[in-house]
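Engineer: There's a structure below that I have some questions on.
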Amino acid sequence: MPPIKKTFLIITLLTIGVIFLLIGFTPLYPKLAWYWQKPNLENQMSLLKFDETISHATTTADTTTFTVENINPRVIIPSIGVDMLIVTDEDNEKDAFARGAWLLPGTAEPGGLTGNTVIAAHRYMYTSGPNTFYHLDKLKIGDQIIVRWREKDYLYIVRETKIVDPSEISILNPTEKPTLTLFTCHPIYTTKSRLVVVGDLIP
């Protein structure tokens, strides 16, 4: 076989071999990417599989509605330095958590006469400052939580803190009394459990 043809054949076989190698290696890309970026991805994971849990949670007539009048709603927790935007215009938890604390669709509007207002946020997202629930585990019974909604401030007093399994959807259930439920991942830097804080509205 002439040298030129032999060289061409070798190059062709090597090229085909590389292509098959890449095809076989492709399924490993996500796993390797997850491993390399694990510290960040763990903190970006959804706090709950909301698309599954919301559909199973019952709601009341006093559910969340959003209008242009609802400007810059916030959740403020003085004792742990939280001052976060409440995101109300997102249906996707990933997009919502990237902007602030997410008021879960289908849960009660803050300040109502009844209902469970459920707000979730990242425990850690590049910072432990006022835009995360980093120190939510420091809240104690009797601490104050302020929700700014429709240009009014509503005061809630913490009555319970607990750790629950990620599949525990009862924290989304409606309540007869106006209630605020905050939750985030626990322990910090993991998604093993959920840290839940429950407060009652002070008239």
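Engineer: Just to verify a result, which residue in the range 119-139, among those that are assigned to a loop (DSSP other than H, G, I, E, B) and closer than 13 Å to Leu182 by Cα, is modelled with the highest pLDDT? Lay out the reasoning, then the answer.
Structural biologist: Keep residues of the range 119-139 that are assigned to a loop (DSSP other than H, G, I, E, B), which gives 121-135, 139.
Okay, now just the ones that are also closer than 13 Å to Leu182 by Cα, so 121-123, 132-135, 139.
Numbers: Ala121: 93, His122: 90, Arg123: 89, Thr132: 90, Phe133: 93, Tyr134: 92, His135: 93, Leu139: 96.
That would be Leu139.
Engineer: Now for a different question. Could you tell me how many of the residues in the range 145-159 are farther than 15 Å from Ile119 by Cβ and within 22 Å of the chain's Cα centre (by Cα)?
Structural biologist: Within the range 145-159, residues that are farther than 15 Å from Ile119 by Cβ and within 22 Å of the chain's Cα centre (by Cα) number 0.
Engineer: Considering only the range 101-118, how many residues are buried (at least 18 other Cβ atoms within 10 Å of the Cβ) and either assigned to a strand (DSSP E or B) or among the β-branched types (Val, Ile, Thr) (or both)?
Structural biologist: Within the range 101-118, residues that are buried (at least 18 other Cβ atoms within 10 Å of the Cβ) and either assigned to a strand (DSSP E or B) or among the β-branched types (Val, Ile, Thr) (or both) number 8.
The values are calculated or read from the model by the stated rules, or taken from the named source; none is laboratory data. It should be emphasised that the depicted structure is a prediction, and the values quoted were computed from it without experimental measurement. Glycine also receives a Cβ, built like all others from the backbone with ideal geometry; neighbour counts cover every protein chain displayed.
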